[in-house]
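The values are calculated or read from the model by the stated rules, or taken from the named source; none is laboratory data. On a predicted model such as this, the values are computed, not experimentally measured, just so you know. Cβ placement follows ideal geometry from the backbone for every residue including glycine, while neighbour counts extend to all protein chains displayed. Note: accessible area is taken over every heavy atom of the protein model, side chains too, but ligands, DNA and RNA are not part of it. Shrake-Rupley method; radii C 1.70, N 1.55, O 1.52, S 1.80 Å.
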Amino acid sequence: MSQQMNMFDGTAGEPLAARLRPRDLDEFVGQRHLLGEGKILRRLIEGDNIGSMIFWGPPGVGKTTLARIIAHRTKSRFVDFSAVTSGIKEIKQVMEDAEKGRRFGEKTILFVDEIHRFNKAQQDAFLPFVEKGSIILIGATTENPSFEVNGALLSRCKVFVLQALSEEDIIALLSRAITDERGFGTLRVDISEDALKAIASFANGDARSALSTLEMAVLNGEEDEKGIHVGLDTIEQCTSRKSLLYDKTGEEHYNIISALHKSMRNSDPDAAVYWLARMLEAGEDPLYVARRVIRFASEDVGLADPRALEIAVAAYQACHFLGMPECSVHLTQAVVYMSVAPKSNSLYMAYESAKKDALTTIAEPVPLVIRNAPTKLMKQLDYGKGYKYAHDYEEKLTDMQCLPDRLAGKTYYRPVDQGAESRIKARLEEIKQQKERLKSKK
C-alpha cells in the first residue's frame, strides 16, 4: 500500500488533472476544429501572432490549459488574473505594469478566468488598454459572451468556441493518465476498457471531471503484489450521482426551458418529459417550470383547447401546495397534456399585432359611441351617444364600431382550424355575417 500512498503525498499529491495538464499543443486533447494541423488558432499560437480573444465553452475542455500553452510559447509576459478575486484596484495595477512594459517593447498577455463574473465597470477598465495594445486579453467563460461581455470589449476580441470533449477524447486522456509517469504510470493500474468508458460517459465531456473520477477510483482500488485493480463496481461507487449540466442563472437554464417549450409545441411528449426531468432533478424551482407551462397554455394551445390553461394553473397550485418531489407528477401531467393538445398561437399573434398598432396609435381617441358618460358635461359632448346595449337586441350584437376610425375593420384575432377553436372560427364568421346584414338594413 505504501507505493499507492506515496503517489498522493508531497508534490505528487497535486490533483491528477493538474499533474497531467498538457505542456504543448501536441499533448492537448480535443478542439481539433481549432487546433488541428493548419487550423486558425494553432497557426496563431505557433506563429506567436496572438490577439485579444475569448474562449467560450463548458467546464473542463481546456480553456485555462490553452492559455497556459500560449504563455509557454509566446514571447510575452503572462499574467493570470481571476475575476473572482480581483477588483478595480488590482486591474489598474496590472494595467499600469503592462503600460510600462509596452514602453520598453514588452507585450503582456492577460488571462482572465471566468470573465463573465466581471461587472461592466470592471470590464470597461480593460478597454482602453486593449485598444492601445498595452495588453492582449484572453478571457475564459462558460457563459455566452454575447450576453456577459460588454459589446465594446467583445468587438475587439476574437471568440473561439470550445466544444465538450468526445468520449473517445476522454478515453485517450484517461489511458494516458494510466501510463504517464506524471499520472499513475508507476503504479501498474489494472482497469478495463469498459471501466474507462464508464468514466468517460459520466464525465459528459469534462476532462477535469474524468481525471478526478479516475483518481478517486485508483485511490479506492484493490492493491496486491501485481498492482492496483479498479473494477466496474468501484467506478459505480465513484459515480453514484451524476451532476447535471444546469446553471439556474446561466445560458443552459434558458436552453433547457427552450427545449421543453419547443418539445411541447412540436407535440413530442417524450422529449418534453425528458427536459422537464432534466430541470427538476438539477434543482430547478418547480414553480418556475409551472409558470412557463401556464404561459405555453395560452401562447401555443390557446382556444384550441381552453382546458389547457385550467390544467396548467392547477399544476402550479399543486406545486405550491406540495413542492418537490411530489409535484413532479403534476407537472408531468401538465406537460404531457400540453404536448398532445391541439395547437393554436392565434391569441399570441392577436396580441402582438394589436400591440404593434397600439404603440403606433397611442393617442388615437376612443370612439364617442363607446365612451363612458358619468357626468352631464360628458353627455353634452356626445360621450356615449348612440351606444347600443347588445343585450337589448335579439342576436345579442350590434353593428357599432368599437375600434378607432383609423383602425376600423382591422382583424387581430384569426382562429385556426384546430380543436375547439374551429368552432370559434365558425362562430366568428357567423357574427361577421350578422353584422354585415345589420349594416345593410340602414
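So here's what we get for this one:
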| quantity | calculated |
| --- | --- |
| Inter-site label distance for residue 390 and residue 340 at 7 Å from Cα along Cβ, in nm | 3.5 nm |
| Order by protection proxy (mean Cβ within 10 Å, highest first), peptides 422-429, 358-365, 259-266 | 259-266, 422-429, 358-365 |
| No Cys partner within the rule (Cβ under 4.7 Å), the chain | 157, 238, 402 |
| Segment 69-171: relative contact order as a whole-number percent, Cα under 8 Å and 6+ apart | 27 percent |
| In Hz, Karplus ³J(HN,Hα) per residue of segment 21-31 (6.51, -1.76, 1.60; θ = phi - 60°; x = Gly, Pro) | 4, x, 9, 8, 5, 5, 8, 6, 9, x, 6 |
| Cα-based shape type of segment 168-244, given that a ≥ b ≥ c are square roots of the gyration tensor eigenvalues and the cut on a/c is 1.5 | oblate |
| With every protein chain in place, segment 272-413: carbon and sulfur % of accessible area (1.4 Å) | 58 percent |
| Percentage relative contact order, the chain, counting C-alpha pairs under 8 Å, at least six apart | 11 percent |
| Links that overshoot a 18 Å alpha carbon limit, given the list 63/107; 396/435; 107/132 | 63/107 |
| 5 angstrom amide H check on residue 189, placed H, neighbours 5+ away | 228 |
| Modelled FRET efficiency - R0 60 Å, residue 435 with residue 224, Cβ distances, 0.05 increments | 0.05 |
| Hz values of 3J(HN,Hα) by residue in segment 45-53 - Karplus curve (6.51, -1.76, 1.60), Gly and Pro given as x | 5, 5, x, 6, 10, 7, x, 4, 8 |
| Environment charge at residue 23 (Cβ cut-off 12 Å; Lys +1, Arg +1, Asp -1, Glu -1) | +1 |
| Helix 307-322 axis, angle to the chain major axis (alpha carbon atoms, nearest 10°) | 50 degrees |
| Entry for Kirkwood radius over Cα pairs in Å (calculated from the structure that is shown) out of (1) 26.7; (2) 23.1; (3) 27.8 | (3) |
| Net charge of Cβ neighbours under 13 Å - reference residue 378; Lys, Arg +1; Asp, Glu -1 | +3 |
| GNM flexibility winner over the chain from 286, 128, 269 (Cα, springs under 10 Å) | 128 |
| Net charge contributed by nearby residues that have their C-beta within less than 15 Å of residue 102 (K/R +1, D/E -1) | +1 |
| Degrees, to the nearest 10: 207-219 long Cα axis against longest axis of the chain | 50 degrees |
| Global geometry of segment 272-347, whether rounded, prolate or oblate, following the gyration tensor of its Cα atoms and the 1.5 cut on a/c | prolate |
| Helix 251-265 vs. the chain, principal-axis angle (Cα, 0 to 90°, nearest 10) | 50 degrees |
| Three-way shape call for segment 357-442 based on the alpha-carbon gyration tensor, with the a/c threshold at 1.5 | oblate |
